[in-house]
There are 2 protein chains.
Amino acid sequence: MTATDSQPPAKPAPKDPWTLPDVSGLVVGVLGGTGDQGRGLAYRLARAGQKVIIGSRTAERARTAAEELGEGVEGADNAECARRSDIVIVAVPWEGHADTLRSLRDELVGKLVVDCVNPLGFDKKGAYALRPEEGSAAEQAAALLPDSRVTAAFHHLSAVLLRDPEIDEISTDVMVLGEVRADCEIVQALAARIPGMRGVFAGRLRNAHQVESLVANLISVNRRYKAHAGVRLTDI
Amino acid sequence: MTATDSQPPAKPAPKDPWTLPDVSGLVVGVLGGTGDQGRGLAYRLARAGQKVIIGSRTAERARTAAEELGEGVEGADNAECARRSDIVIVAVPWEGHADTLRSLRDELVGKLVVDCVNPLGFDKKGAYALRPEEGSAAEQAAALLPDSRVTAAFHHLSAVLLRDPEIDEISTDVMVLGEVRADCEIVQALAARIPGMRGVFAGRLRNAHQVESLVANLISVNRRYKAHAGVRLTDI
C-alpha cells in the first residue's frame, strides 16, 4: 500500500454560492405585467439591459403599458409572452393566480417560472396572510405546472421604488426559493442584474409561505415609519 | 364666520416612531433561559446593562447557567423568574411552550410577555414551519395568557453571535409584534439596548406566524452561505 492509497478520493471544492450564471441573454416575460408590481419589475429589469416582454389578458393593453415603460419593453397577450420568454415572472393578482397558470400550462412547459405573488387579505386592521390550500402561491404554481421549473422570488420589492426613474439603486435582497439549485441560481443572477440587489438562496418551496406573507409585516412597517421597506439579510 | 372658524381643530403632531421609552430600570426575565437562545439573549441584555433573571424548571439549573453567564445575571425557577420580572421573554422550546405558559398564568398576570419561540420541524430536507392551531406561538401565548400583555420579538437572532463575547455589535433589526403600541415600544426599546440592534414595529400578532417561520429560511441561508444570517429592514 502506497501513501496515495490512504488518501480519500479528491472532492471538488465547494462551489462559491455567489458564483452565478450569465443571464443577460435570456428573455424575461412578466405575466400580469400591467399591474403595479409587474410594471415595476419589467421596468427595472429592462433598464438593467434585460429583454423584457410584459403579458396581459389582451395584447393591446400590454402593448400600451409597454410603450409607457420604454426601455425596449414589448407587450403581448399572456400566452405569447409565456411562449417567447425563457424566464416567466408571475406577477398577477392572487385572485387570478390559479386560473392564469392553469390556462398557460402548455406555454409554460420547460420554462423557468418565478412566482412573486403574495396572497394577502385586507380589512380595517390592515393586511394579513392568506393560506393557500397548497401551502403558498409558489406551491400552488408548482402543483398546477408540473412540467415547468417553478421558483419563487421578488416578493418584497416596493412597486413605488421600482417605478421611480430617479432611483438608480434599490438596496435590498431578493430571497429566492426553489427545489433545483441551477434554477434558483438563474433567478438569483437575474435579481443581481438590478443595481443594489442581491439574489439570495433562501430555501425550498415548502418554506415559501412565510416569505410571501412577510409582505403583510412590511405593510405595517411602511405605515408606521412612512417608508417603502425592504429586506436585507445580514452576515452574508 | 371668522377665519379661525374654518380651521380644523389642532391635531397633535404625529409621534416620531423612533422615540421610545427608557427601559433601563426594568427587570427582564428569560423563561427557558438555560437554552441556547435564552442564554444568548440574557447575556446580551445583561451586558447592555439590563437586570436579567433567567428561569428554568429547577432553580439550581438556572443558577448554574446564570453563574456561567456572569454580567450580574441571576437564576431562579420559572415561577420566581416570572414574578420578579417586569418583562418576561419566553425562550422555551416549542414543545414545552403551551405547558410552560399554562403553568405560569398567575405569575404572568399584568406582565409584558415577549414570545420569541419559532415553531419549526426538521427532517432530512432541513427545517420547515409548523402551524400552531392558534396561528402562531405568539397567538398561542395570547390565548393562554389573557391577563398578560403579549408581544412577539427576537426571533431572528443567532445564538452563536449572541453568545460570542468577542462580538460587540450585532447588526440586525428586531421585528416587534403586538396589539398595544406602548407595549411594543417597550420591547423595541429593549432590543435597542443591544449595540447594533433596532427594534422595529412590524405588525399585529395575527402576522406573527411568518415572522416566526422565517427562521426556517434563515437556516437555509446559513447552510448555503456558511453564515449566521439575520434580517435588516431597508428604507427605515
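Here are a few things to note about the model shown:
- A:Val231 more than 7 Å from chain B (Cβ to nearest Cβ), in a strand (DSSP E or B) and hydrophobic (A, V, I, L, M, F, W, C): no
- Some residue of the range B:3-26 being assigned to a strand (DSSP E or B) and under 18 Å from the mean Cα position of the chain (by Cα): no
- Residue count for the range A:12-34 under the criterion of being without any contact (Cβ under 8 Å) to a residue 60 or more places away in the chain and within 14 Å of chain B (Cβ to nearest Cβ): the result is 6.
- Output for the range B:121-147, where each listed residue is among the small types (Gly, Ala, Ser), out of contact with any helix residue (DSSP H, G or I) (no Cβ under 8 Å at 6 or more places or on another chain) and more than 16 Å from A:Gln210 (Cβ to Cβ): B:Ala143
- The condition (being within 16 Å of B:Ala91 (Cβ to Cβ), touching a Ser or Thr at 6+ places or on another chain (Cβ under 9 Å) and not in a loop (DSSP other than H, G, I, E, B)) is satisfied by just one residue among B:Val160, B:Val150, B:Val211, B:Val215: B:Val211.
- Restricting attention to the range A:84-106, the residues that are surrounded by 18 or more Cβ atoms within 10 Å (Cβ to Cβ) and either under 19 Å from A:Leu157 (Cβ atoms) or not β-branched (Val, Ile, Thr) (or both) total 11.
- Residue within the range A:35-50 that is touching a residue at least 24 places away in the same chain (Cβ under 8 Å) and among the acidic types (Asp, Glu) present: yes
- Selection of the range B:35-73 for residues being hydroxyl-bearing (Ser, Thr, Tyr) and either surrounded by fewer than 24 Cβ atoms within 10 Å (Cβ to Cβ) or under 15 Å from the mean Cα position of the chain (by Cα) (or both) yields B:Tyr43, B:Thr58, B:Thr64.
- For A:Ile236, the criteria (1) at the interface with chain B (Cβ under 9 Å from one of its Cβ atoms); (2) under 14 Å from B:Leu214 (Cα atoms); (3) among the hydrophobic types (A, V, I, L, M, F, W, C) hold in every case but one, which is (2).
- Scanning the range B:106-120 for residues that are more than 15 Å from B:Thr151 (Cβ to Cβ) and out of contact with any helix residue (DSSP H, G or I) (no Cβ under 7 Å at 6 or more places or on another chain) returns B:Asp106, B:Val109.
- Scoring A:Val109 on the criteria (1) away from every other protein chain (no Cβ under 14 Å); (2) crowded, with 24+ Cβ neighbours inside 10 Å; (3) not in a helix (DSSP H, G or I) leaves a single failure, condition (2).
- Number of positions in the range A:170-208 that are assigned to a helix (DSSP H, G or I), more than 11 Å from every other protein chain (Cβ to nearest Cβ) and of a type in the set (A, V, I, L, M): 7
Rule-based calculations on the coordinates, nothing more; no lab input. None of these values were measured; they are calculated from a predicted model. Don't worry about glycine lacking a Cβ; one is built from the backbone with ideal geometry, like all the others, and counts go over all protein chains shown.
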